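The values are calculated or read from the model by the stated rules, or taken from the named source; none is laboratory data. Fair warning: this is a prediction, and the values are worked out from it, not measured in the lab. Neighbour counts run over all protein chains shown; Cβ positions are idealised from the backbone, glycine included. Remember, those area values only see protein heavy atoms, side chains included, never the ligands or the DNA or RNA. Shrake-Rupley method; radii C 1.70, N 1.55, O 1.52, S 1.80 Å.
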Amino acid sequence: MSELQTLKERVTAAIDAMRDDLVCIADTIHAHPEVAFEETESAALLGDTLEEHGFQVERGVAGLDTAFVATMHGQKDGPTVAILAEYDALPGLGHACGHNLIGTAALGAGLAMQTVLPELAGTIQVIGTPGEEGGGGKGIMVDAGVFDGVAAAMMVHPSSKNLTRRTSLTSYKILIEFYGKPAHAAAKPDEGINALEAMILTYNGVNALRQHLRNDARIHGVITHGGDAPNIVPEYTQAKFYVRAKDTPYATQVMEKLRACAEGAARATGARLAFGEYAPRYDNHLVSPKFSALAEANMAVLGIELSVPDDRMGSSDMGNVSQVVPSIHPYISIGPEDMGGHTAEFCTAAGSPAGHEGMIKAAKIMAMTAVDLLAEPANLLEVQQSFEEEKALQGG
Ligand SMILES: [Zn+2]
Ligand SMILES: [Zn+2]
């Protein structure tokens with residue numbers, strides 16, 4: 001058996017040995033769901049556990065109370081491999097995206113690496129990234145330089161499929177507001193400026209646009225305030241839109257088209273427009289083929305069969321990390337193929353034996369892949385080369 005294989009067997013054995021503890025932690029987070037940037041107990045549980053095991057834990061990084069970086073050095077200096085934890089839940093739905101499993105799998109992978117790290121050159125960081133569901137914690141952390149010294153980053157997301165090379169869409173989150181002038185809707189409508197008409201013109205403008213957009217573009221919105229009473233000309237309206245596409249330059253173009261629709265509606269009605277991002281942008285995930293190949297080989301060893309990929313995808317703030325550091329974001333199945341994310345069914349799966357099994361596999365994939373990168377420097381060089389190539393292709 002090669003040295004690399006022996007190291008991998010040791011990290012997977014370590015994860016098996018701590019299985020009960022990991023399941024208990026995942027279930028504790030599942031039972032106490034905390035939404036974006038309010039994950040106080042979840043972040044503390046993961047951070048405290050890492051600290052108890054000798055990791056040096058820095059909390060509140062990047063100005064985010066529930067973000068942390070837990071660091072453990074190897075025998076000598078070398079590259080830093082980051083294992084990313086998420087732990088935020090969905091409002092009203094609990095852990096319907098299974099982030100309790102993501103956070104705990106990252107913990108398990110980090111603790112398992114501890115058993116081999118004294119023999120390796122390099123550093124393992126378990127990075128706690130809050131607010132994936134809409135808040136964009138990772139983007140904020142990228143901007144704050146948290147990933148500046150990181151050579152490679154990974155996380156695994158629970159799913160209804162096993163996938164490794166799925167990209168994700170850039171997404172803008174846009175707030176549109178119109179300010180009109182109230183008036184009696186029957187007696188003096190000529191004195192009013194109708195903010196609802198401006199919003200509806202915007203909505204219809206977007207629909208007129210759809211035929212002329214690339215297939216991967218998505219514009220979807222809701223009117224969150226439509227007026228106050230039918231007998232008052234609406235003075236104020238508000239809508240939230242997402243604009244998505246497979247790459248950031250095109251998503252930006254589409255976002256500007258949305259802005260033009262809103263500006264046209266403002267001009268037509270006389271209402272005043274306020275237009276802007278209400279949450280940070282998520283970038284598309286840049287797939288690193290070489291890095292994915294390492295994870296795929298480890299998944300094969302673990303007996304995980306890849307599902308047939310499809311073109312259905314959302315967005316993740318892991319995309320922002322993938323634009324600056326070679327990254328993987330594989331999906332691991334925890335339920336039937338027709339199970340949708342952000343559903344009660346998914347929440348149940350995230351606390352079930354199938355969820356626990358997926359989490360253990362996820363921890364093993366990440367620990368084995370971290371061994372590939374730290375024990376075999378040629379692997380990391382190839383991953384970084386592949387990343388630069390993809391980056392150049394994307395730019396052109
Ligand atoms: Zn998620
Ligand atoms: Zn989600």
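A few notes on this one:
- Residue pairs, from the table LYS8/LYS391; LYS76/LYS138; LYS246/LYS361; LYS76/LYS391; LYS173/LYS361; LYS8/LYS290, whose Cα atoms sit over 25 Å apart: LYS8/LYS391; LYS76/LYS138; LYS246/LYS361; LYS76/LYS391; LYS173/LYS361
- Label-to-label distance, ALA186 versus ASP143, with points set 7 angstrom from Cα along the beta-carbon direction: 5.0 nm.
- Taking Lys and Arg as +1 and Asp and Glu as -1, the other residues whose beta-carbon sits under 15 Å from that of TYR179 total -2.
- Distance cut-off 15 Å, percentage of C-alpha pairs in the range 87-159 lying past it: 62
- Rule-of-thumb Rg ratio for the range 295-396 [Cα; 2.2 N^0.38 Å; N residues]: 1.24
- Residues in the range 142-160 that a label on SER307 would reach, taking backbone N under 14 Å of a point 7 Å out along Cα→Cβ: 157-160
- Placing LEU196, LEU381, LEU213 in order of accessible area, with the largest value first and a 1.4 Å probe, yields LEU381, LEU196, LEU213.
- Two-site FRET efficiency, GLU58 against ILE232, from Cβ-Cβ distance with R₀ of 56 Å, rounded to 0.05: 0.60
- Once the chain from LEU393 to ALA354 is taken as fully extended at 0.36 nm per residue, the excess over their C-alpha distance is 10.2 nm.
- If R0 is 51 Å, the Cβ-Cβ spacing of ASN204 and GLU51 corresponds to a FRET efficiency of close to 0.40.
- Accessible area (Å², per residue) of the chain, counting only protein heavy atoms and a probe of 1.4 Å: 42
- The chain: Rg to Rh, with Rh as the Kirkwood radius over Cα pairs: 1.05
- Share of Cα-Cα pairs in the range 6-117 lying beyond 20 Å, as whole percent: 41
- Modelled spin labels at ASN215 and ALA31, positioned 7 Å past Cα toward Cβ, are 4.8 nm from each other.
- Between ALA297 and ARG10, residue separation times 0.36 nm minus the direct Cα-Cα distance comes to 101.6 nm.
- Ordered by solvent-accessible area of protein heavy atoms (1.4 Å probe), largest first, the residues ARG218, ARG19, ARG267 come out as ARG267, ARG218, ARG19.
- On the chain, 51 percent of the accessible area sits on carbon and sulfur atoms, based on a 1.4 Å probe.
- Remark: the range 87-96, residue by residue, has Karplus-estimated 3J(HN,Hα) of 7, 8, 10, 9, x, x, 10, x, 7, 7 Hz, where x stands for each Gly or Pro and the curve is 6.51 cos²θ - 1.76 cosθ + 1.60 at θ = phi - 60°.
- A probe of 1.4 angstrom, applied to the heavy atoms of all protein chains, finds MET339 with accessible area near 10 square angstrom.
- Orientation-averaged projection of the range 327-367 equals 3.2 nm² [convex hull of Cα atoms, one quarter of hull surface area].
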